[in-house]
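Worksheet for the structure shown next.
The values are calculated or read from the model by the stated rules, or taken from the named source; none is laboratory data. Source: prediction; values computed, not measured. Please note: Cβ atoms are built from the backbone with ideal geometry, for glycine as well, and neighbour counts cover all protein chains shown.
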Amino acid sequence: MLQILNRVARGRGEKGDTERLRAISKAMQKASLCGLGQTAPNPVLSALRYFEPEFKAYLEGGVSYARKMNANRPPEASVAEPANV
């Protein structure tokens, strides 16, 4: 999910990414045996529910749209990267 979200945020998302995120999130909720795993995808599902037009703008606008939007973002709100563990 993180890779898909980062790709969308960078303007390199693909047409089916929102549906793919929903499918992965629903699968995580159903397949997880613990409460944490069941609730972990909730922020992604909420973002898709309330900000779907923004997701679509990033998907349709591509790299130039993402650059324009990310230029207005403060440095501490940069795209999430996985920790090097």
When the residues of region 18-34 are narrowed to those that are loosely packed, with under 12 Cβ neighbours inside 10 Å and either among the aliphatic types (A, V, I, L, M) or at pLDDT below 90 (or both), which ends up nearest to Met1 (Cα to Cα)? Ala23
Working only within region 5-57, note down all residues that are part of a helix (DSSP H, G or I), touching a residue at least 40 places away in the same chain (Cβ under 8 Å) and either more than 25 Å from Lys68 (Cβ to Cβ) or among the small types (Gly, Ala, Ser) (or both). Ala9
